[in-house]
Amino acid sequence: MGVEQKILGSSRIGMSATPGRHASGSHMLQNIDWVTILLYFLLVGLGWMNIYAAVYSPDNVVNIMSFDINSGKQLVWIAASLILIIVLLVVDYKVYEHLAYPIYGAIILLLLVTLAVAKPIAGSRSWLDLGGGIRLQPAELAKFATALAASKFLSTVNLRQQNFADQMKLAAITLLPPAIIILQNETGSALVFAAFILAYFREGISPLILIIGGSVAAVFILTLLVPKLYLILAITVLLALATWLDYRLLRRYKTMMALWVLVVGMIFSVDFFVNNVLQPHQQNRIKALINPEADPLGFGWNVTQSKIAIGSGGFWGKGFLEGTQTKFDFVPEQSTDFIFCTIGEEQGWVGSTVLIGLFMFLMIRVVMVAERQKSVFGRAYGYCVASIIFFHFLVNVGMTIGLAPVVGIPLPFFSYGGSSLWSFTILLFILIAIDANRSQDLAR
Amino acid sequence: MNYLENRKYVIQGIFILVGAIFALRLFYIQVVDSSYKQAAETNAIKSVVQYPFRGLIYDRNGKLLVQNTPVYDLMVVPKEAKNIDTLRLQQLLDLPLEEVRERLKKARAYSYVQPSAFYQKLSTQEFARIQDNLIDFPGFYINARTARGYPHQSLAHALGYIAEISPRQLEDSAYSGYRPGDYIGKSGIELEYEQYLMGKRGVKYKMVNVRGVEKGSFKDGAYDTLSVAGKNLVSTIDLDLQQYGEFLMNGAKGSVVAIEPKTGEVLAYVSAPFYDPNLFTGKDYGKNYMALLSEPNKTMFNRPVMASSNPPGSIFKLAQALVALQDGIITPNTGFPCNQSLVKCSHAHAAPTNLSIAIQTSCNPYFYQVFRAEVNQGKSSNTFKDTSIGLANWREQITTFGFGVELGIDLPNEKKGIVASPAMYDRVYGQNRWKYSTIYSLSIGQGELGVTPLQMANFMATIANRGYYITPHIIRSIGENGKPKPEYQQRHFTAVEARHFTPVVDGMAAVVKSGTGRNASLEKLGIEVCGKTGTAENPQGKDHAVFVAFAPKDDPKIAIAVYVENAGFGAQSAAPIAGLMIEKYLTDSVSRKRMEDWVLSREYLNID
């Protein structure tokens, strides 16, 4: 039965009116994860309304559907997404696994082509002009392509065996797209690929990588916030304390010394990194995170105004379309990267928390969906989806409330923009398609 | 497999941890920390003060004295003012090129995005010239507001002026309702009636975008307040008479104050030299003000209420007579010889056989003897003490005429003048060390006396009323159908009974009919004018001419005091001016053109 199904499934495209197709169709509708789909439409719908609120102008009221404003255009992107969803669900789910590498390769090619032909827009060469005023940002598509390729790779190797060559291959798959994207001068989009580390952690890489990565980030941020001398004292005391608690560490004093030198060296290299490696606008974003009040009209403007807008919302918010800060251009990029400000100001703490809750719900649901996959490919892909959404959520919301540096990446499903919406729709609905057919993988 | 599966909890834990941190952080900035709400308000809500129309001022016949005229400020938003043709701007505004650059720099220093005044108080003509060209100057626009306007250029000293509130006033809690840049009455009626004229300010809360551009009212104007226009005032001034007085006094120095005796209403209030009140409304306010202030003729000096150090001269003999009559020192028929050994008499005349003749001839020895009898009544055997007692008694009565006290006119900075007192002489000479021979010059209105022109006019009103006055005032109605303040409705009776006024009035009629005041006579018109000339000794130069009068003798309609500085005898300059003013007021015309020409010729200034 299982074998037959597999054969039927794999040859489904070419055959019409086979029992398998009927079985597949009904299976799909039975197994499709309506909860995730509901969350998707909830977020997209709320996003659409808030895009309208962000561009709404009380002395020039334009219909929410009008194509003159972002909310009207977003409606077109949403409608196109519906077609995309149908296509994604109708296509044989196995295509995603089988064609993972070709898709990945095609996207890499597209990224390179973009780099070669794109005209710079605001210093970034990431937009591909398709003609007719339609532009595409291939960097957005690279996320799902890389997720597919990495998952495919993970389904063929066993990460737990700590095979160095395999780990390097995986690293190459993951880092090739962001490398090209950085060349396109879209550092924000490139940073997103760091999210894959969470998925790989689930698939078996050493937790040390996560811990070391987290520690490096922590030391980096702390160096910016705390005087160096205190940090050096703190790390010395910490190591001494650990040794005092466990005498056995004394025997590994060389490792301890090396660790100390490493951390102190890093503390001193942060300044060099910030001042000499980062570009001026990136330096400012880091300065804005540390102390936006230092220059509230300059590099601190976005963060200061964003916090003012959100902070002025209060507990219940000012009400839909009643915001002042987000209406009158105080907050830049309101309908795209700073869309969360509109929620914060108009819906208050209650609305913001509900939105955060929706994202939490979605991410945990995606993890649940991933966990119930029988194939490594499906599960790994599910974790990639959750990780990418999480990273976007973390950085996007974090920057609006002054907890993360300003990085121009959108809030998934919510921010205005076709490339972003489609990329997340593809990302999520490939998972939903795989999940809907999970029973067919039983026999594998 | 199992231990890896547990990692899903770690991942979900990270998700939930981040969500919780975000929710807590949001709770802090949205609910706990209120500074963001304030920042949002200062960000996006701008309060715009609605300036009320300042009250207008009319004359007693409904002619407009003070109005609000539009003025135009040229504003600039530096951000939008790019690639400005400064050369053309300089020509348009008639400013030096450096000045244009300097002003642009100042505006930029104030704010790059907010508008500031580039050029204040353009006149309507300048506005018209510039407006059409403004299209070539992006970032420049015209802001219209109102300033005070004086259609008749008259009455400057009484009207006063308004100007921006001073930093010192702003610190004073009495001006707590004012803001920097507000206009406030600085002198005259504008200052005295500030609380009525200013009206009530309104505030409109407007939402502005990041560039300060208005985006509609906040909460549909729920917190807005309307401005209430200031109250209009009706003055007691007769504009025609006022302007005629200024016409006659133009080029002279001195005061003309005319009062309607029955009501205490000031009909004319001339302080010469005078200035065009419009000088203080335009953009050159500061320059004009400083120029007037440093002027040798003391144009800004508000003479009718402030020129208090000059003695009244012979007109004071009327007061001496009245007090002496009341005290029973003399009767209307008392005569004294014109004994020139006591004090010189300026006019050669026969010995006055009664009071009226003494007044008519302004006989100095007569009043020397009257005043001696007044202060030396024999209340003490000690001459010194007797003089002191007598002077104190005299002073008590003389001050009931409004001498030596502030009358309380509704104008600021009124001076009370000087009336000699025993204490004053005690201070100078020592107690019991002065007697009548020390103070006798008071008898003829010289010495330790200082009377303002307003007090002189009020004195005339008192005699015209035969014994009382109503505090002179310049505003008869607050609001168009209102009443004057209550203190301007009650009579102030002098210490002298009405019956004693008759011989004095008769004497004054004789002064005009056949004495020193003949230049004020309107006999041909059938108007009997009562008056008295005076010459105030001036140690600094030529004496000041004084003439006081009221008319008609029965049922007086106007009381007037004319004070011309450095004009010698009152008869030559002050009397004709008073006569012309009375004629103008009573008949609304002037028949004595020759007299008018004489006054305007100012030749009296050259007579010694």
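No value in this document is a laboratory result; all are computed from the given coordinates. Quick caveat: nothing in here was measured; it's all calculated off a predicted structure. Don't worry about glycine lacking a Cβ; one is built from the backbone with ideal geometry, like all the others, and counts go over all protein chains shown.
For peptide A:358-364, how many partner chain Cβ atoms fall within 10 Å of a residue's Cβ, on average?
4
With unit charges on the beta carbon (Lys/Arg positive, Asp/Glu negative), name the residue among B:11, B:533, B:289 whose Cα is farthest towards the positive pole of the charge dipole of chain B.
B:11
As I understand it, the dipole of chain B uses +1 on the Cβ of Lys and Arg and -1 on the Cβ of Asp and Glu, about the Cα centre. Which of B:139, B:55, B:236 lies farthest toward its positive end?
B:139
Rank-order B:418-429, B:545-556 by packing density, defined as the average count of other C-beta atoms within 10 Å over each peptide's residues, highest first.
Ranked from most to least packed, the peptides come out as B:545-556, B:418-429.
Sorting A:349, A:127, A:34 on the 10 Å Cβ count, fewest up front, what's the list?
Working: A:349 23, A:127 20, A:34 10.
In order of increasing Cβ crowding within 10 Å: A:34, A:127, A:349.
From the Cα gyration tensor of the range B:542-608, with a ≥ b ≥ c the square roots of its eigenvalues, which class applies: rounded if a/c is under 1.5, or else prolate if a/b is larger than b/c, or else oblate?
oblate
I need the shape label for the range A:70-152. Rule: rounded when a/c is under 1.5, else prolate if a/b > b/c, else oblate, with a, b, c from the alpha carbon gyration tensor.
Verdict is oblate for the range A:70-152.
Short version: ³J(HN,Hα) in whole Hz for each residue of the range B:67-84, in order, from phi by Karplus 6.51 cos²θ - 1.76 cosθ + 1.60 (θ = phi - 60°), x for Gly and Pro, what are they?
Those phi angles translate into 10, 9, 10, x, 10, 10, 9, 8, 9, 9, 10, x, 4, 8, 8, 10, 6, 7 Hz.
Taking the square root of 5 times each eigenvalue of the Cα gyration tensor, what semi-axes in Å does the equivalent ellipsoid of chain B have, largest first?
Working: eigenvalues 898, 165, 87 Å².
Computed over chain B, the values are 67, 29, 21 Å.
With an 8 Å Cα cut-off and a minimum separation of 6 or more residues, compute the relative contact order for chain B in percent.
13 percent
What fraction, in whole percent, of alpha-carbon pairs in the range B:127-213 exceed 20 Å separation?
Result: 56 percent of Cα pairs exceed 20 Å.
Starting at the first residue of the range A:216-221, write each ³J(HN,Hα) from the Karplus equation 6.51 cos²θ - 1.76 cosθ + 1.60 with θ = phi - 60°, in whole Hz, x for Gly and Pro.
Here the 3J(HN,Hα) series is 4, 4, 5, 4, 4, 5 Hz.
Enumerate the calculated ³J(HN,Hα) couplings along the range B:392-403 in order (Karplus 6.51 cos²θ - 1.76 cosθ + 1.60, θ = phi - 60°), each rounded to whole Hz, writing x wherever the residue is Gly or Pro.
For the range B:392-403, the Karplus-derived couplings read 4, 5, 5, 4, 4, 7, 5, 6, 5, 8, x, 7 Hz, x marking Gly and Pro.
Determine which lysines satisfy two conditions relative to residue A:318: a Cα distance under 22 Å, and not lying fewer than 8 residues away in the same chain.
Residue A:318 reaches A:307, A:327, B:37, B:46, B:204, B:206, B:215, B:219.
Once you have a ≥ b ≥ c as the square roots of the Cα gyration tensor eigenvalues for the range A:138-185, tell me rounded if a/c is under 1.5, and otherwise prolate or oblate according to whether a/b is larger than b/c.
oblate
Give me the net charge of residue A:398's neighbourhood, meaning all other residues with Cβ under 13 Å from the Cβ of residue A:398; Lys, Arg count +1, Asp, Glu -1.
Net local charge, residue A:398 excluded: +2.
Under a Cβ-Cβ cut-off of 12 Å, what is the net charge of the residues other than residue B:561 that fall near it, where Lys and Arg count +1 and Asp and Glu count -1?
Charge balance in the 12 Å sphere: +2.
If I stretch the segment between residue B:110 and residue B:597 completely, what's the gain in nm (0.36 nm per residue apart, minus their alpha carbon distance), one decimal?
Stretched fully, the residue B:110-residue B:597 segment lengthens by 169.6 nm.
Please enumerate, by chain and number, the lysines with C-alpha under 25 Å from the C-alpha of residue A:228, excluding those fewer than 8 residues away in the same chain.
Within the straight-line limit of under 25 Å, residue A:228 reaches these lysines: A:254, A:287.
What net charge is computed for the residues neighbouring residue B:16, neighbours being all others with C-beta under 14 Å from the C-beta of residue B:16, Lys and Arg scored +1, Asp and Glu -1? Could the numbers behind the result be given before it?
Details: positive: A:365, B:8; negative: none.
Surrounding charge for residue B:16 is +2.
Could you state the per residue volume, in Å³, of the convex hull enclosing the Cα atoms of the protein assembly as shown? Intermediate results must be reported in sequence, preceding the final value.
Values: hull volume 270.5 nm³, N = 1052.
Spelled out: Cα convex hull of the protein assembly as shown, divided by residues, is 257 Å³.
So how strong a dipole does the protein assembly as shown carry about its Cα centre when Lys and Arg Cβ are +1 and Asp and Glu Cβ are -1, to the nearest 20 debye? Don't skip to the answer; put the middle values down first.
Numbers: 95 positive and 82 negative charges, 491 e Å.
So the dipole magnitude of the protein assembly as shown works out to roughly 2360 debye.
If you average the C-alpha positions of the range B:524-571 and of the range A:344-384 separately, how far apart do those two centres end up, in angstrom?
Cα centres, the range B:524-571 to the range A:344-384: 102 Å.
For the range B:241-262 and the range B:115-179, what is the separation of their Cα centres, given in Å?
For the range B:241-262 versus the range B:115-179, the Cα centre distance is 31 Å.
Name the most mobile residue of A:272, A:393, A:41, meaning the one with the largest mean-square fluctuation, in a Gaussian network model of chain A with Cα contacts below 10 Å.
Answer for the Gaussian network model of chain A: A:272.
About the Cα centre, and with charges only on the beta carbon of Lys, Arg (+1) and Asp, Glu (-1), how big is the dipole of chain A? Nearest 20 debye, please.
Approximately 1400 debye in magnitude.
So for the range A:221-277, what percent of the C-alpha to C-alpha distances run longer than 19 Å?
Here the long-distance tail beyond 19 Å is 36 percent of all Cα pairs in the range A:221-277.
What Kirkwood radius, in Å to one decimal, follows from the Cα pairs of the range A:175-266?
Computed over the range A:175-266, the radius equals 15.8 Å.
For a footprinting-style exposure proxy, rank B:508, B:75 by other Cβ within 10 Å, fewest first.
Least to most surrounded, the residues fall as B:75, B:508.
Work from the charge dipole of chain A (Cβ charges, +1 for Lys and Arg, -1 for Asp and Glu, about the Cα centre) and give the residue of A:189, A:210, A:89 farthest towards its positive end.
A:210
Could you let me know the centre-to-centre spacing of the range A:115-156 and the range A:164-196, using Cα atoms, in angstrom?
Using only Cα atoms to place each centre, the spacing works out to 13 Å.
Identify all lysines with a Cα-Cα distance to residue B:485 below 27 Å; exclude those on the same chain that are fewer than 8 residues away in sequence.
Result set, ordered by chain and number: B:63, B:186, B:200, B:231, B:262, B:415, B:416, B:557.
Bins of 20 Å, beginning at zero and ending with the bin holding the largest distance: percent of Cα pairs per bin for chain A, please.
Answer for chain A: a P(r) of 22, 53, 23, 2 percent.
Fewest first, what order do A:117, B:10 take by the number of other Cβ atoms within 10 Å?
Values: A:117 10, B:10 14.
Lowest to highest Cβ neighbour count: A:117, B:10.
How big is the charge dipole of chain B about its Cα centre, in debye rounded to the nearest 20, if each Lys and Arg gets +1 on its Cβ and each Asp and Glu gets -1 on its Cβ?
Working: 66 positive and 58 negative charges, 239 e Å.
The dipole of chain B has a size of about 1140 debye.
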